[in-house]
Amino acid sequence: MNKKEKNYVSEKMQILVGTKVTDINRNHGDIWIDFTDEHGKCYILLMQTLFRLCSKEKILITDTDKYKGFDSENDVLFEWDVCGANIFDRWVTSNKNDLLKTLTVQNVKVTEFGDLVILFDQSISLTVYLEVTNATECWRFFEKGNDEKYDLVVFGNCINVDMLS
């Protein structure tokens with residue numbers, strides 16, 4: 001990601017500051033997080049890449065957890081994409097109401113490598129990694145119900161170039 005793209009992504013993502021997490025879920029391998037502002041507008045971060053959600057003390061959940069069953073003795077029979085069958089699903093179910101729905105975005109940064117870092121209150125952070133160097137989609141961001149207004153697609157080697165014109 002070049003400097004112009006990094007600045008553009010960083011500027012667009014600032015709209016999340018002050019929003020609250022209202023949902024986190026997955027559809028097969030895609031993970032999405034809903035953020036809602038004080039006016040009820042919902043923004044969606046759809047991740048198709050590695051991510052890590054951490055507290056100050058530990059890693060809470062990662063993208064890779066959706067491919068791991070919580071019963072290691074039955075790994076041969078494990079079907080990761082069955083809802084509720086993996087570590088990610090179990091963690092989200094256990095934490096959706098108590099932790100996740102109380103998080104408010106405090107800051108958003110984009111690193112020199114194009115990774116997205118969202119800092120929440122309660123010393124929680126989400127890092128979304130650009131893990132490829134090609135035109136594979138890593139993540140996208142849009143306003144729910146108005147997909148074109150804030151649509152931003154980040155690939156491993158560029159962003160949606162229509163957004164820069």
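The values are calculated or read from the model by the stated rules, or taken from the named source; none is laboratory data. As the structure is a prediction and not an experimental result, all values here were calculated from the model. Methodologically, a virtual Cβ is constructed for each residue, glycine included, from the backbone with ideal geometry; neighbour enumeration extends over all protein chains shown. Ligands, DNA and RNA are excluded from the accessible area calculation, which covers all protein heavy atoms including side chains. Shrake-Rupley method; radii C 1.70, N 1.55, O 1.52, S 1.80 Å.
Multiplying the residue separation of residue 144 and residue 95 by 0.36 nm and subtracting their alpha-carbon distance yields 15.3 nm.
How much of the accessible area of the chain, probe 1.4 Å, is carbon plus sulfur, in whole percent?
Working: 4330 of 8980 Å².
Exposed carbon and sulfur together represent 48 percent of the surface.
Length gained on full extension, residue 56 to residue 160: 34.1 nm, using 0.36 nm per residue less the C-alpha separation.
I need the peptides 102-109, 2-9 ranked by packing, meaning the mean over residues of other C-beta atoms within 10 angstrom, with the highest value on top. Show your work: numbers first, answer last.
On the way: 102-109: 16.6, 2-9: 14.2.
So the peptides 102-109, 2-9, ranked by packing, come out 102-109, 2-9.
Once the Cα-Cα distance is subtracted from the 0.36 nm per residue extended length, the residue 11 to residue 109 segment shows a gain of 34.4 nm. Helix 3-13 and the longest principal axis of the Cα set of the chain meet at an angle near 70°.
Kindly flag which residue pairs out of 6/66; 12/96; 68/109; 56/101 have an alpha-carbon separation exceeding 21 Å in this structure. Kindly include the intermediate steps, with their values, before the conclusion.
Numbers: 6/66 29 Å; 12/96 26 Å; 68/109 29 Å; 56/101 18 Å.
Cα-Cα > 21 Å for 6/66; 12/96; 68/109; rest within.
Each 5 Å bin from zero up to the one holding the largest Cα-Cα distance in the chain carries the following percent of pairs: 1, 9, 17, 22, 20, 16, 9, 4, 2, 0, 0.
Calculated accessible area for the stretch 1-42 comes out at 54 Å² per residue, all protein chains present (probe 1.4 Å; ligands, DNA, RNA ignored).
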